[in-house]
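Have a look at the structure below before the remarks.
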Amino acid sequence: MSAQIISGRDIAAEIRSELTARTVALPDEHGVVPGLATVLVGDDPASHMYVGMKNKAAGKMGIHSRQITLPADTSEAELLGLVAGLNADPQIHGILVQLPLPDHIDEGGVIEAIDPSKDVDGFHPISVGRLATDSGVFFPPCTPAGVIEMLVRSGHDPAGKLVVVVGRSNIVGRPLASLLIRKAPGGNATVTVCHSWTPDLGAVTRSAEILVVAIGRPEMITADMVQPGAVVIDVGSHRIDDPGSEKGYRLCGDVLFDEVKEVAGALSPSPGGVGPMTINTLIMQSVESAEQAGRSD
Ligand code: GUN
């Protein structure tokens, strides 16, 4: 049996047309054009690629997007000054500082400097605390929010399900667990989080009705680690050597796709799965932030 393929690309395209309609209406309804600032420090090729994709998508959807690219030797004080300027700029409703930052910059300090009302990336401790306590107004981190949207829109609502999350990062695993246990749409799941200290990982992943993998290791999840019929979401994104291919490399996720698709009931590919959903969530949250700013004016 071959799994249903959950195409993040197709779901994201569906959401994009809904979002564009909202963005287009904003200047008339709220008197604002949503503005997103992305800040990139250094030369990391993957970060350049991700930020470029985020800006391209924002531009296509009628969002004013401002990319600020700084050299790797930018000082922490300069970066904090830039963030303060963006906090005060009424044209900017969302701020994203791409991680990782160079080693000489205190990442936590920079994230804390972002105005929580513009924290469309959901990394500020106030956003994290509000998500963990499911209280107040906040934006959740984009990748886990995209995973939930993808599950719900593909007919696999996590409510009442046993969900196993592999990975405990601040960007994916932890916030995803918080979102899944919320008493809210997209939540109400029973969640287990696995990490490098989990004994007999396969026994735990096999217990999952929904398995979300964000461990950052290429093709680590094999068919024997998946319960027949389970829904599997692959958050991983890697470029690995492949001497047999024309380019000498290929893209893959954390899940051994060809093997797992024969066991799973549904499976998201990588690329073409979670990535486009992450970008959409960022745009959506920037639009929401602009709507909130428009209402409070
Ligand atoms: N680096 C990897 N993923 C992300 C993300 O979602 N946001 C930011 N700011 N940096 C990242």
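Laid out as a table, the results:
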quantity: Whole-Å distance, taken between Cα centres, linking segment 73-125 and segment 1-39; calculated: 24 Å
quantity: Accessible area, probe 1.4 Å, largest first, for residues Ile5, Ile15; calculated: Ile5, Ile15
quantity: Mean Cα-pair separation over length for the chain, i.e. relative contact order, pairs under 8 Å, 6 or more apart, %; calculated: 22 percent
quantity: Accessible surface of Ser178 - all protein chains present, 1.4 Å probe, nearest 10 Å²; calculated: 30 Å²
quantity: Cα-based helix-to-principal-axis angle, 76-88 vs the chain, degrees rounded to 10; calculated: 70 degrees
quantity: Per-residue [θ]222 nm for the chain (sum of -39500 (n - 2.57) over DSSP H runs n ≥ 4, rounded to 500); calculated: -12500 deg cm²/dmol
quantity: Spacing of the two label points (7 Å from each Cα toward its C-beta) at His48 and Glu112, in nm; calculated: 3.2 nm
quantity: Computed Kirkwood radius, in angstrom, where 1/r is averaged over Cα pairs of segment 115-232; calculated: 14.6 Å
quantity: By accessible area with a 1.4 Å probe, ligands and nucleic acids excluded, highest first: order of His238, His124; calculated: His238, His124
quantity: Average accessible surface area per residue within the chain, 1.4 Å rolling probe, Å²; calculated: 45 Å²
quantity: Segment 184-297 - share of DSSP beta bridges that are antiparallel (%, nearest 5); calculated: 35 percent
quantity: Centre separation in Å (Cα based) which lies between segment 193-215 and segment 272-292; calculated: 28 Å
quantity: Kirkwood hydrodynamic radius of segment 1-127, from inverse mean 1/r over distinct Cα pairs, in Å; calculated: 16.0 Å
quantity: Largest-first principal axis extents, alpha carbons of segment 206-268, Å; calculated: 37, 20, 16
quantity: Reachable lysines from Lys161, criterion Cα separation under 20 angstrom, eight or more residues apart if same chain; calculated: Lys183
quantity: Estimated distance in nm for a label pair at Asn170 and Gln4, the labels positioned 7 Å out from Cα along Cα-to-Cβ; calculated: 3.6 nm
quantity: Kirkwood-type radius of the chain, with distances r between different C-alpha atoms, in Å; calculated: 19.8 Å
quantity: Those residues of segment 210-225 whose amide nitrogen sits under 15 Å from the label point placed on Asp258, 7 Å along Cα→Cβ; calculated: 219-220, 222-223
quantity: With all protein chains modelled, accessible area of Thr190 [1.4 Å, Å²]; calculated: 80 Å²
quantity: Principal-axis tilt of helix 142-153 within the chain, Cα atoms, nearest 10 degrees; calculated: 60 degrees
quantity: Solvent-accessible ranking of Met49, Met284, Met225, largest area first, probe 1.4 Å; calculated: Met49, Met284, Met225
quantity: Heavy atoms of Val24: accessible area, 1.4 Å probe, square angstrom to 10; calculated: 100 Å²
quantity: Qualifying lysines (Cα of each under 26 Å from Cα of Lys247; at least 8 residues distant if same chain); calculated: Lys54, Lys56, Lys261
quantity: Protein accessible area in the chain, 1.4 Å probe - carbon and sulfur %; calculated: 54 percent
quantity: Calculated FRET value between His195 and Glu246, using beta carbons and R₀ = 35 Å, to 0.05; calculated: 0.40
quantity: Crossing angle, helix 8-30 versus the chain [Cα axis fit, 0-90 degrees, rounded to tens]; calculated: 20 degrees
quantity: Cα-based equivalent ellipsoid, segment 53-189: semi-axes from gyration tensor eigenvalues, Å; calculated: 29, 17, 14
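The values are calculated or read from the model by the stated rules, or taken from the named source; none is laboratory data. None of the values given here were measured: they were computed from a predicted structure. Glycine also receives a Cβ, built like all others from the backbone with ideal geometry; neighbour counts cover every protein chain displayed. Protein only, heavy atoms only, side chains kept; ligands, DNA and RNA dropped before computing areas. Shrake-Rupley method; radii C 1.70, N 1.55, O 1.52, S 1.80 Å.
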